[in-house]
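**Q** Quick one: the structure is below, questions incoming.
The values are calculated or read from the model by the stated rules, or taken from the named source; none is laboratory data. This is a predicted model, so every value here is computed, not measured. All Cβ positions, glycine included, derive from the backbone under ideal geometry; neighbour counts span all protein chains shown.
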Amino acid sequence: MNIEKVLQDSIKAALLQKFEVSENEIILQPTKKDFEGTYTFVVFPYVKTLRKSPVELGNTIGEFLKENSGIVSTYNVVQGFLNISVSDSTWLSIFKEISADKNFGQLPDKNETVMVEYSSPNTNKPLHLGHLRNNFLGFSVAQILAANGYKVVKANLVNDRGIHICKSMLAYQKFGKGETPESTGMKGDHLVGKYYVEFDKHYKTEIEALKAQGLSEDEAKKQAPLLIEAQEMLLKWENGETETVALWEKMNEWVFAGFNETYKKMGVSFDKMYRESNTYLLGKETVEEGLTKGVFFKKEDGSVWIDLTDEGLDQKLVLRKDGTSVYITQDMGTADLKFKDFNMSKSIYVVGNEQDYHFDVLFKIIKKLGRSYADGCFHLSYGMVDLPTGKMKSREGTVVDADDLMSEMVETARERTNELGKIEDFTSEEAEELYRTLAMGALKYFLLKVDPKKRMLFNPQESIDFQGNTGPFIQYTFARISSILRKAEQLGISLETLPELNGLHESEQEVIYLLSQFPNRIADAGREYAPSLIAQYAYDLAKAYNRFYNEVSIFNETEEDLVRFRLAFSKITGETIQKAIALLGVGVPSRM
């Protein structure tokens, strides 16, 4: 049953029959916590035209709903707000529908494919805190879209070539002394990242030496021998020079092994991996096509551009004068390749907001080229993540490493859990699994509960609190429900059939209302690409259940039917909490 639609149709009928007003759209709001009711209809817009007081209008519509809707038990009018209470029998009917729906929370199949591209790391350094937000956001959006009925392809375009990669390679060649992940005990991505920092350190020393000889800052940066060598190495790589390519392959292999280990810890995965080394030449044919169509133009020096001044932007280079690609060139080609591979209706790029301009340009170019998939392209732009200690810089080695942060979170979970002292009967394996589940739940939930567009401050200590709007609070609620259900099983209480009841506690009404909203929240989150909406929903549901738990007895209740109903009610709530935070990539422990 769709309560909102029944109420909307009944209000339309009331306006037509009582006031001869034909209304196409009726907007309902959730009733404010201070007032009795579930839904509120604002009557103010009709006061002037109907020349009736707000109270008279509200009472007339309210009485009509009680007599004709079949679902309204009572109402109250506060100034121009008609607050509507839904009958217990309606809530019970809805709960039965939810209980019987084995796929509750999964929306109908849309027969469309969507690609979500996220992570997009560089193979010259390990993943860091910013990558955590990116990966968690991309993975969660993919889960949410799958729940919305889309076939989802999770893609990762790895930046494994270019001058920054050569910087790590050159520094390793000069200063590495044959180190390997095995000889050092370091993860491969960490080892390669060490030499990216090493390059920057020596490069800065060279710059200062050149400045001391009288060169300007810009001249010194361009003429530093290390940078010139890195540029030469890039040319060797592009020309397929055997030794350079062998070094590139070896170091890339180390990095990918490290990335895979980190992705496993994160709990994210991909269906398709694209590598820039295989795609960087794509797009040159697209440039020729664009020249033929008049979308691009060539300057006197031979470089190719697009003029986007009519779109409120500027002129943008799409091919250098020497015929080499720029990022936008390969991105045009890769966009064509992805569409050719999967023929998707939507292509979502999860990339930080520092690339807003780049994607604005890319999508306008794709549109002007007449690509059929142009309207389905979307840049899911997200804000940077800061720590209380300030901004991070990869080349200076001041980045908060993703592996280190995840390990620290596990240690924090261990400390907090042991302080509470409730897991004495856990085996060491069960305890370790609990610490990991809590740590990743805290981390993911904290990074995803904020609107993606907002820049955010990550506080590890705050994230793992067992009270308030945190992952561990929601996980604890699920564990509490699991404990209740284990006790019911021990007592031999059957939950197979729902008992018939006549009434509900107010807290039970609130939880059933929230349960009924789960499909709507999934649809909203899918439409807005916003896991934060699911995070808020999971928190609201957990909070409402805890209110029920504190106000209503389960096992001390003397009436058997009430005990059975409250157990079934707890079971469905627990399952919905689990489904909701699974959309965030968060797991739940059955014991805490």
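**Q** Surrounded by 15 or more Cβ atoms within 10 Å (Cβ to Cβ), closer than 17 Å to Ile365 by Cβ and not acidic (Asp, Glu): does that describe Ser347?
**A** Details: surrounded by 15 or more Cβ atoms within 10 Å (Cβ to Cβ): yes; closer than 17 Å to Ile365 by Cβ: yes; not acidic (Asp, Glu): yes.
Spelling it out, Ser347 is indeed surrounded by 15 or more Cβ atoms within 10 Å (Cβ to Cβ), closer than 17 Å to Ile365 by Cβ and not acidic (Asp, Glu).
**Q** Among the residues of region 270-293 satisfying the criterion of being assigned to a loop (DSSP other than H, G, I, E, B) and modelled with pLDDT of 95 or more, which is surrounded by the most Cβ atoms within 10 Å (Cβ to Cβ)?
**A** Phe270
**Q** Ok, one more. Does region 148-170 contain at least one residue that is among the small types (Gly, Ala, Ser) and farther than 28 Å from Leu226 by Cβ? Give the steps one after another, and end with the answer.
**A** If we filter region 148-170 for residues that are among the small types (Gly, Ala, Ser), which is where we start, we get 149, 155, 162, 168.
Still in the running and farther than 28 Å from Leu226 by Cβ: 149, 155.
Scanning region 148-170 turns up at least one residue that is among the small types (Gly, Ala, Ser) and farther than 28 Å from Leu226 by Cβ.
**Q** Oh, and also: Looking at region 6-57, which of the residues that are in contact with a Phe, Trp or Tyr (Cβ under 9 Å, 6 or more places away or on another chain), of a type in the set (A, V, I, L, M) and in a helix (DSSP H, G or I) is nearest to Ser516 (Cα to Cα)?
**A** This residue is Leu7.
**Q** Something else now. Only one of these is surrounded by 15 or more Cβ atoms within 10 Å (Cβ to Cβ), touching a residue at least 24 places away in the same chain (Cβ under 8 Å), outside the structural domain of Glu508 (by TED's automatic domain parsing) and over 23 Å from Ile94 (Cα atoms): Val72, Val21, Val43. Name it.
**A** Working: Val72 fails: over 23 Å from Ile94 (Cα atoms); Val21 fails: surrounded by 15 or more Cβ atoms within 10 Å (Cβ to Cβ).
Being surrounded by 15 or more Cβ atoms within 10 Å (Cβ to Cβ), touching a residue at least 24 places away in the same chain (Cβ under 8 Å), outside the structural domain of Glu508 (by TED's automatic domain parsing) and over 23 Å from Ile94 (Cα atoms) holds for just one of Val72, Val21, Val43, which is Val43.
**Q** Also, I was wondering about something else. Of the residues that sit in region 46-60 and are farther than 27 Å from Ser87 by Cα and hydrophobic (A, V, I, L, M, F, W, C), which one is surrounded by the most Cβ atoms within 10 Å (Cβ to Cβ)?
**A** Of everything passing the filter in region 46-60, Leu50 is surrounded by the most Cβ atoms within 10 Å (Cβ to Cβ).
**Q** Further question on the same structure: Run down Glu63, Glu67 and say which single residue is surrounded by 14 or more Cβ atoms within 10 Å (Cβ to Cβ) and charged (D, E, K, R). Walk me through it before giving the result.
**A** On the way: Glu67 fails: surrounded by 14 or more Cβ atoms within 10 Å (Cβ to Cβ).
Every option except Glu63 fails the conditions.
**Q** Of Leu498, Leu504, which residue is surrounded by 20 or more Cβ atoms within 10 Å (Cβ to Cβ) and either at pLDDT below 95 or assigned to a loop (DSSP other than H, G, I, E, B) (or both)?
**A** One residue alone meets the criteria, Leu504.
**Q** Could you please give the count of residues in region 91-124 that are touching a residue at least 60 places away in the same chain (Cβ under 8 Å) and either out of contact with any helix residue (DSSP H, G or I) (no Cβ under 7 Å at 6 or more places or on another chain) or among the charged types (D, E, K, R) (or both)? I'd like the intermediate steps shown before the answer.
**A** Initially, region 91-124 is screened for residues touching a residue at least 60 places away in the same chain (Cβ under 8 Å), giving 91-99, 104-105, 107, 112-121, 123-124.
Now drop any that are not either out of contact with any helix residue (DSSP H, G or I) (no Cβ under 7 Å at 6 or more places or on another chain) or among the charged types (D, E, K, R) (or both), which leaves 92-93, 96-97, 112, 117, 120.
Matching residues across region 91-124 total 7.
**Q** With the requirement that a residue be surrounded by fewer than 23 Cβ atoms within 10 Å (Cβ to Cβ), under 30 Å from Lys579 (Cα atoms) and among the small types (Gly, Ala, Ser), what does region 148-191 give you?
**A** Gly149 - this is the single residue of region 148-191 that is surrounded by fewer than 23 Cβ atoms within 10 Å (Cβ to Cβ), under 30 Å from Lys579 (Cα atoms) and among the small types (Gly, Ala, Ser).
**Q** Same structure again: Looking for something part of a helix (DSSP H, G or I) and closer than 19 Å to Thr576 by Cβ - is there at least one such residue anywhere in region 449-470? Break it down stepwise before answering.
**A** Quick first cut of region 449-470, residues part of a helix (DSSP H, G or I) only: 460-463.
This time we only want the ones that are closer than 19 Å to Thr576 by Cβ, so: none.
No; the residues of region 449-470 include none that is part of a helix (DSSP H, G or I) and closer than 19 Å to Thr576 by Cβ.
**Q** A follow-up question, please. Which residue pairs have Cβ atoms under 7 Å apart, sit 6 or more places apart or on different chains, and have a first residue in region 1-18 that is in contact (Cβ under 8 Å) with a residue 60 or more places away in the chain and surrounded by 13 or more Cβ atoms within 10 Å (Cβ to Cβ) and a second that is aromatic (Phe, Trp, Tyr) and not in a helix (DSSP H, G or I)?
**A** Taking only residues 6 or more apart or on different chains, the pairs are Leu7/Tyr39.
**Q** Counting residues that are under 41 Å from the mean Cα position of the chain (by Cα) and under 19 Å from Asn252 (Cβ atoms), which helices (runs of 4 or more DSSP H) fully inside region 166-223 reach at least 1? Even if it seems obvious, please write down each step before you answer.
**A** Details: elements: 181-184, 188-212, 217-223.
So the answer is 181-184, 188-212.
**Q** Find all pairs meeting these conditions: Cβ atoms under 8 angstrom apart; at least six residues apart or on different chains; first residue within region 294-312 and touching a residue at least 40 places away in the same chain (Cβ under 8 Å) and surrounded by 16 or more Cβ atoms within 10 Å (Cβ to Cβ); second residue basic (Lys, Arg) and part of a helix (DSSP H, G or I).
**A** Val295/Lys368; Ile306/Lys368; Leu308/Lys364
**Q** Still on this structure: Can you tell me which residue within region 192-216, out of those that are of a type in the set (A, V, I, L, M) and within 15 Å of Pro126 (Cβ to Cβ), is surrounded by the fewest Cβ atoms within 10 Å (Cβ to Cβ)? Write out each step before concluding.
**A** First pass over region 192-216, keeping only residues of a type in the set (A, V, I, L, M): 192, 197, 207, 209-210, 212, 215.
Retained after the next criterion (residues that are within 15 Å of Pro126 (Cβ to Cβ)): 192, 197.
Numbers: Val192: 27, Val197: 20.
Applying the filter and picking the extreme gives Val197.
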